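Novice: My structure is below; once you've seen it, I'll send some questions.
The values are calculated or read from the model by the stated rules, or taken from the named source; none is laboratory data. What you see is a predicted model; the values in this text were computed from it and never measured. Using ideal geometry, Cβ is built from the backbone for each residue, glycine included, and neighbour counts are taken over all protein chains shown. Surface accessibility is based on the protein's heavy atoms, side chains included, excluding ligands, DNA and RNA. Shrake-Rupley method; radii C 1.70, N 1.55, O 1.52, S 1.80 Å.
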Amino acid sequence: MNRFVVSDPSRCIGCGACRVTCSEAHRKRALRPASRISLVKTRDVSAAVTCHQCEGAPCLSVCPEGAISQEGDRLQVDEARCTGCLLCALVCPFGAVYPSAPSTAHVKAAPYSRASSARSAGLLRQKETGAYTSVVVCDLCAKAPDGPRCIAACPTKALSLMDEGALGHLARERRIDAIEKTSIAMQGATELRELLAAEAALGTGVVRDREDAPRDKTEVLP
Amino acid sequence: MSPLKPRVPNPISQGASRAVRPHGAAGGNGIGAPAVPQGKPHHDFGRCIACAACAVACDTSAIRIFVDEDEGMLVWTLDLTDCTWCGRCAAVCPTGAMGLVADSACRPAAFADDPEPPKRCLFALRECASCGRYYATNKEVEYASSLLEQEEGNADAARALALTGICPDCKRTHDAKAAGRRAGMKRF
């Protein structure tokens with residue numbers, strides 16, 4: 001199974017340390033100095049969006065140059081082969097393939113083009129500049145000695161590496177959680193049933209009459 | 001636009017292992033550049049998907065693209081007066097729309113000799129189904145979809161195929177929101 005980095009939005013504070021670390025870690029190892037991770041900040045949620053390292057990677061299957069390959073438990077882009085056609089960026093179901101420019105790039109076609117505008121999305125704007133000659137995807141910092149740098153850099157521990165063991169652990173935790181919730185609900189139902197049975201035996205009907213029984217006050221009125 | 005998956009080995013792919021492609025001002029015919037067949041380029045509008053790989057590869061900006069947001073069009077232009085016949089546009093083209101004129105190989109690379117009017121092609125842009133912004137050309141989206149359709153029995157490709165109508169920005173936002181729901185976050 002492919003491993004991948006997951007982010008926990010309940011911990012993410014949207015500081016961007018992962019993005020900075022990602023591009024810096026790759027620059028140090030002579031790879032494109034672009035972030036392989038992006039940050040989404042909406043009103044409700046802030047989360048880092050990462051490559052899911054799909055098993056049947058769509059980016060790999062559309063690449064006309066064979067520049068994207070499966071290396072063990074992750075994907076790898078051959079930056080020298082990539083021509084920057086951005087078909088992979090178009091088909092990625094998570095938008096996790098990023099166009100990148102070499103650090104020496106000068107913008108050729110549209111010097112004052114913005115990153116995106118109100119009427120066209122970032123991908124189209126990046127194409128227009130003609131400087132984005134290769135794509136980058138998360139390679140789990142394969143060249144770094146001790147695993148993905150973004151995980152180490154996250155100040156709130158919102159990022160973690162998901163492998164088969166961690167996935168199984170998560171599934172077990174969720175099952176236990178669900179069982180606990182069900183048992184609490186069942187316990188509540190049992191208690192209510194016992195209460196109703198006791199009331200029926202007494203003939204008082206306290207629980208049922210609590211809301212719609214006439215008050216004493218109404219009886220004293222003429 | 002060919003329906004078949006193009007796995008055409010090209011000279012840049014072949015030579016990639018020995019030389020990294022030069023970028024920017026370092027010319028296409030410079031020392032250390034991989035050997036690419038050179039010649040006068042010609043463009044087949046029918047097969048072109050306006051992916052702009054040629055515009056990226058072109059060092060002299062003879063091929064350019066512009067986005068015309070008012071018309072909803074992508075404008076692709078080829079001006080042969082700027083062309084150096086380096087042949088890299090043909091080498092990088094994923095669909096084979098850029099080719100080299102057959103008899104040009106034996107002729108010297110004289111670019112101002114035969115004046116031709118600049119070629120200008122228009123491609124309709126696709127609006128994102130989620131945010132309504134332009135994100136790619138219609139032909140490119142259709143081409144990518146046709147490639148994904150060939151991946152039978154691949155669940156990830158099927159999911160990607162279902163999402164080709166959405167721009168990458170929106171896909172990221174949707175992924176973050178899905179992660180938020182998984183984490184059980186409430187609206188504050």
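Novice: For segment B:67-82, list whatever residues lose no less than 10 Å² of accessible surface once every protein chain is in place, relative to that chain by itself, with the probe at 1.4 Å.
Specialist: With the partner chains in place, segment B:67-82 has these residues losing at least 10 Å²: B:VAL67, B:GLU69, B:ASP70, B:LEU74.
Novice: Taking θ = phi - 60°, what integer Hz values does the Karplus form 6.51 cos²θ - 1.76 cosθ + 1.60 yield along segment B:45-58, in sequence order, with x for Gly and Pro?
Specialist: Here the 3J(HN,Hα) series is 4, x, 8, 5, 10, 6, 7, 6, 4, 5, 5, 6, 6, 6 Hz.
Novice: Kindly write out, for segment B:128-140 in residue order, the coupling ³J(HN,Hα) from the Karplus curve 6.51 cos²θ - 1.76 cosθ + 1.60 (θ = phi - 60°), rounded to whole Hz, with x marking Gly and Pro.
Specialist: Residue by residue, segment B:128-140 yields 5, 5, 9, 10, x, 8, 6, 9, 6, 7, 4, 5, 5 Hz.
Novice: Could you work out the relative contact order of segment A:35-88, using alpha carbon pairs under 8 angstrom and six or more residues apart, expressed as a whole percent?
Specialist: 24 percent
Novice: Further, regarding this structure: So who's got an amide H within less than 5 Å of the one on B:ARG126, skipping anything under 5 residues away but keeping other chains? H placed 1.01 Å off N, in plane.
Specialist: Under 5 Å from the amide H of B:ARG126 lie the amide H atoms of B:TYR135, B:ALA136, B:THR137, B:ASN138, each far enough along the sequence or on another chain.
Novice: Counting only Cα atoms, I'd like the Rg/Rh figure for chain A, Kirkwood definition for Rh.
Specialist: Checking Rg against Rh, the ratio lands at 1.30.
Novice: In nanometres, what is the gap between the two model label sites at A:ALA30 and B:ALA162, each 7 Å from Cα along Cα-to-Cβ?
Specialist: Distance between label points: 4.3 nm.
Novice: If you don't mind, there's one more thing I want to ask. Send over a whole-number figure in Å² for the accessible area per residue of chain A, probe 1.4 Å.
Specialist: Each residue of chain A exposes 53 Å² on average to a 1.4 Å probe.
Novice: How big a patch of accessible area, both sides summed and in Å² to the nearest 100, lies buried between A and B at a 1.4 Å probe?
Specialist: Using a 1.4 Å probe, the pair buries roughly 5200 Å².
Novice: Scan around B:HIS42 for amide H atoms under 5 Å from its own, H built in the peptide plane at 1.01 Å from N, and keep only partners 5 or more places away or cross-chain.
Specialist: Residues meeting the criterion, in which the H sits 1.01 Å from N, are B:GLY99, B:LEU100, B:VAL101.
Novice: Give me, ordered by chain and number, the residues 5 or more places off A:SER100 or on other chains with an amide H under 5 Å from its own placed amide H.
Specialist: A:THR133, A:SER134, A:VAL135, A:VAL136
Novice: In whole percent, what relative contact order does chain A give with Cα contacts below 8 Å and a gap of six or more residues?
Specialist: In percent, rounded to a whole number, it is 23.
Novice: While we're looking at this one, here's another question. Among all cysteines in chain A, which have no other cysteine Cβ under 4.7 Å from their own Cβ?
Specialist: So far as the 4.7 Å Cβ criterion goes, A:CYS12, A:CYS15, A:CYS22, A:CYS54, A:CYS63, A:CYS82, A:CYS92, A:CYS141, A:CYS154 stand without a partner in chain A.
Novice: Measure off 7 Å from each Cα along the Cα-to-Cβ vector at A:GLU194 and B:ASP79, then give the distance between these two points in nanometres to one decimal.
Specialist: In this crude spin-label approximation the distance works out to 8.7 nm.
Novice: Right, here's the next one. Expressed in nm², what is the orientationally averaged projection area of the convex hull enclosing the Cα positions of segment A:7-112?
Specialist: 8.5 nm²
Novice: Which residues belonging to segment B:38-57 lose at least 50 Å² of 1.4 Å-probe accessible area when the assembly is complete, relative to their chain isolated?
Specialist: The answer is B:VAL56.
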